[in-house]
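> The following block contains the structure, expressed as structure tokens.
Each value in this text was obtained by applying a stated rule to the coordinates, not by laboratory testing. Bear in mind the structure is a predicted one, so any value in this text is a computation, not a measurement. Positions of Cβ are backbone-derived with ideal geometry, glycine not excepted, and every protein chain shown enters the neighbour counts.
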């Protein structure tokens, strides 16, 4: 029992396992989900099952690495993250080209 627990009379939950998340991987996950949402909307629109009040989901947009994150990364980490974001940009551009061709 910690001193805080003794003084407060309450038990504090200690988180022992923490899975760190990476900003660029979260961006990739978010981007792919936005792409799937848009494709599902297009499918409903093309099949005629789209609700009259349903608007198109937001078009996927690639975010820049925030300054607060850039300032905390080493140059090697920033290079890896920048490379990952460039590959995500290429994926987004290919997806946009496929949408334009359809």
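> Ignoring everything except DSSP H segments at least 4 long, calculate the 222 nm mean residue ellipticity for the chain; use -39,500 (n - 2.57) per segment, divide by total residues, nearest 500.
Details: 4 runs with 62 residues, N = 102.
Value at 222 nm, helices only: -20000 deg cm²/dmol.
> Please give the length that would be gained between residue 7 and residue 41 if that part of the chain were fully extended, namely 0.36 nm times their separation in residues minus their C-alpha to C-alpha distance (nm, one decimal). Intermediate results must be reported in sequence, preceding the final value.
Values: separation 34, 0.36 × 34 = 12.24 nm, distance 5.56 nm.
Stretched fully, the residue 7-residue 41 segment lengthens by 6.7 nm.
> Related question: Rounded to a whole number of µm²/s, how large is the Stokes-Einstein D of the chain at 10 °C and 1.306 mPa s, given Rh as the Kirkwood radius over C-alpha pairs?
On the way: Rh = 17.5 Å.
My calculation gives 91 µm²/s for D.
> For the pair residue 19/residue 56, report the inter-label distance in nm, with labels modelled 7 Å from Cα in the Cβ direction.
3.4 nm
> Take the chain, connect every pair of alpha-carbon atoms lying under 10 Å apart with a spring to form a Gaussian network, then pick out the residue of 90, 40, 76 with the largest mean-square fluctuation.
Of 90, 40, 76, the Gaussian network model singles out 76 as fluctuating most.
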